[in-house]
Amino acid sequence: AVFDSVTTQVARITKTLTVAGGYTVTNWTTSYPITQPTTLDAAQGGRVLFITGAIDVGVQNLRLIRGSTTTNGGGIFNSGATTTISNTLVFSNSATNSGGGILNQNVGKIILNATRVTSNTTATGDGGGIANQGGMVSLTNGSRVQANVTGGWGGGGIANLGGQLTIDASTVASNTATSGGGLYN
């Protein structure tokens, strides 16, 4: 596994857990993510989430914004974990290399359920929105990968590099790259 000991992150997750938003300080029972949004903002000072290990992680009802790294995975760096991301916005994150919004690697598994990956960028690598390096990525239930840009070669929206990709009832639109604006496989 590749670990980045240089980049900071809002949260480093190494144990099975769920990170959920949309709650108020007086109501921890029912989530209202539209009226009570929960934002994890890296303020361009590092990644938003760094997830690693043979663990199961849930990410739901959140906005993950302004992650920035000089390596890979500005919004989410997932290495070896099974991570289910539901009803979440991954927005305005950047990486110098691959995976401006999300990087998945080392047999990691990411399931996007009703999730938007929007306006993320890479400077020189592939996958402005999502880069999948040897793992599995699945988009389901109206997920959208939109308006992402890569300064590298391929996959403005998604770069699938030696992994498995499934897109079901979801949209990949208006992404930009030299090759494979929407999808580079």
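Condition first: over 18 Å from Thr82 (Cβ atoms) and under 16 Å from the mean Cα position of the chain (by Cα). Can you find one or more residues in the stretch 11-18 that meet it?
no
For the stretch 1-11, state whether one or more residues are modelled with pLDDT of 95 or more, surrounded by 15 or more Cβ atoms within 10 Å (Cβ to Cβ) and of a type outside the set (A, V, I, L, M, F, W, C).
Within the stretch 1-11, none of the residues are modelled with pLDDT of 95 or more, surrounded by 15 or more Cβ atoms within 10 Å (Cβ to Cβ) and of a type outside the set (A, V, I, L, M, F, W, C).
Quick check on Ile51: is it modelled with pLDDT under 95 and among the hydrophobic types (A, V, I, L, M, F, W, C)?
no
Consider Gly58 against the criteria (1) part of a strand (DSSP E or B); (2) buried (at least 19 other Cβ atoms within 10 Å of the Cβ); (3) touching a residue at least 40 places away in the same chain (Cβ under 8 Å): it satisfies all of them except one. Which criterion is unmet?
Checking Gly58 against (1) part of a strand (DSSP E or B); (2) buried (at least 19 other Cβ atoms within 10 Å of the Cβ); (3) touching a residue at least 40 places away in the same chain (Cβ under 8 Å), the one that fails is (2).
Which of (1) farther than 27 Å from Asn97 by Cα; (2) open to solvent by 20 Å² or more (accessible area, probe 1.4 Å) is the odd one out, the single condition Gly45 does not satisfy?
(1)
Is it fair to say Gly152 is surrounded by 22 or more Cβ atoms within 10 Å (Cβ to Cβ), assigned to a loop (DSSP other than H, G, I, E, B) and modelled with pLDDT under 95?
yes
Gly101 - would you say it is within 25 Å of Gly152 (Cβ to Cβ), open to solvent by less than 40 Å² (accessible area, probe 1.4 Å) and small (Gly, Ala, Ser)?
The answer is yes for Gly101.
When only residues in the stretch 112-130 that are within 11 Å of the chain's Cα centre (by Cα) and among the hydroxyl-bearing types (Ser, Thr, Tyr) count, which is nearest to Gln146 (Cα to Cα)?
That would be Thr118.
With the requirement that a residue be more than 16 Å from Val10 (Cβ to Cβ), in a strand (DSSP E or B) and either among the polar types (S, T, N, Q) or touching a residue at least 60 places away in the same chain (Cβ under 8 Å) (or both), what does the stretch 61-115 give you?
Passing the criteria: Ser79, Thr82, Thr84, Ser86, Asn104, Gln105, Asn113.
Sort out which residues of the stretch 19-34 are more than 13 Å from Thr88 (Cα to Cα) and in a strand (DSSP E or B), and write them in order of number.
Thr24, Asn27
Within the stretch 155-181, work out how many residues are surrounded by fewer than 20 Cβ atoms within 10 Å (Cβ to Cβ), at pLDDT 95 or above and not in a strand (DSSP E or B).
Summing the residues that are surrounded by fewer than 20 Cβ atoms within 10 Å (Cβ to Cβ), at pLDDT 95 or above and not in a strand (DSSP E or B) in the stretch 155-181 gives 4.
I'm trying to understand the selection: among the residues of the stretch 38-86, which are acidic (Asp, Glu) and more than 23 Å from Gly142 (Cα to Cα)?
Asp41
Kindly list, by first and then second residue, each pair from a residue in the stretch 12-24 that is under 8 Å from Val57 (Cα atoms) to a residue that is open to solvent by 40 Å² or more (accessible area, probe 1.4 Å), limited to pairs with Cβ atoms under 6 Å and residues at least 6 apart or on different chains.
What qualifies is Thr16/Asp56.
The values are calculated or read from the model by the stated rules, or taken from the named source; none is laboratory data. Every value quoted in this text rests on a predicted model; they were computed, and no experiment measured them. Because the Cβ atoms are built from the backbone with ideal geometry, glycine has one as well, and the counts that use them run over all protein chains shown. Calculation scope for accessible area: heavy atoms of the full protein, side chains included, ligands and nucleic acids excluded. Shrake-Rupley method; radii C 1.70, N 1.55, O 1.52, S 1.80 Å.
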